[in-house]
Amino acid sequence: MTVTIPDDTDAVVYDLDGTLVRLAVDWDAVAVDVADTLDGRGVDTDGMDLWRMLERSEDLGHRDAVEEAIATHEREGARRSERLSFADEISTTHPVGVCSLNCEDACRIALDTHDLAESVACVVGRDTVATFKPDPAPLLAAVERLGASPERTLFVGDSERDAETADRAGTRFAYVGDGPTTF
């Protein structure tokens, strides 16, 4: 699972779930809870996946309630998460950050749970900035916090969303493993 870090790299940012750890989250149950939250506020969620419901909640002023419904599952899933073997390959020669679609609190819990927090200088979660991946703002926030430039930063992730985020942010990208996961 080794990722080659180019010599002219100034910082490395990692995705969390599926890259360093696997959160123990039943995403179908999360989607049901979010749908119930929005349905209780009179929002028709028929045919929407979890991330579309989150986007829609922003438009309708229900983002805080939806965030809390998702984050409750993520925090618990972070406490019960599995450390993945790639976590042993976190760079020790570059400033390191995490940019995740999970909430920042869950990221920090997972990093603490698996003794990775000391290796990570910054964490940017879904709720840290106003937008979330694949929008480039979260990754660019991590790059800025690390004092690096996008073109000299490597983003390592496990999904097509991660690859798209890197492309949009102007960073380099490497898949952990052999390519995108299907989770």
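The values are calculated or read from the model by the stated rules, or taken from the named source; none is laboratory data. A quick note: this is a predicted structure, and the numbers were derived from the prediction, not measured. Methodologically, a virtual Cβ is constructed for each residue, glycine included, from the backbone with ideal geometry; neighbour enumeration extends over all protein chains shown.
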* Scan Glu76, Glu67 and give me the residue that is surrounded by fewer than 20 Cβ atoms within 10 Å (Cβ to Cβ) and in contact (Cβ under 8 Å) with a residue 60 or more places away in the chain. => Glu67
* Asked: Which is closer than 24 Å to Trp27 by Cα and modelled with pLDDT of 95 or more, of Glu144, Glu151, Glu118, Glu164?
  -> Glu164
* Structure fact -> Filter segment 53-64 for residues that are under 30 Å from Ala174 (Cα atoms) and over 15 Å from the mean Cα position of the chain (by Cα); the one that is surrounded by the most Cβ atoms within 10 Å (Cβ to Cβ) is Met53
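What helices (runs of 4 or more DSSP H), lying completely within segment 11-121, carry at least 2 residues that are touching a Ser or Thr at 6+ places or on another chain (Cβ under 8 Å) and within 23 Å of Leu139 (Cα to Cα)? Let's see the steps before the verdict.
Details: elements: 27-39, 50-60, 63-79, 104-113.
Once the helices (runs of 4 or more DSSP H) in segment 11-121 are filtered for at least 2 residues that are touching a Ser or Thr at 6+ places or on another chain (Cβ under 8 Å) and within 23 Å of Leu139 (Cα to Cα), what remains is 50-60, 63-79, 104-113.
Could you tell me which of the residues Thr171, Thr165, Thr131 is of a type in the set (Ser, Thr, Tyr) and more than 20 Å from Pro6 (Cβ to Cβ)?
Numbers: Thr171 fails: more than 20 Å from Pro6 (Cβ to Cβ); Thr165 fails: more than 20 Å from Pro6 (Cβ to Cβ).
Exactly one residue qualifies, and that residue is Thr131.
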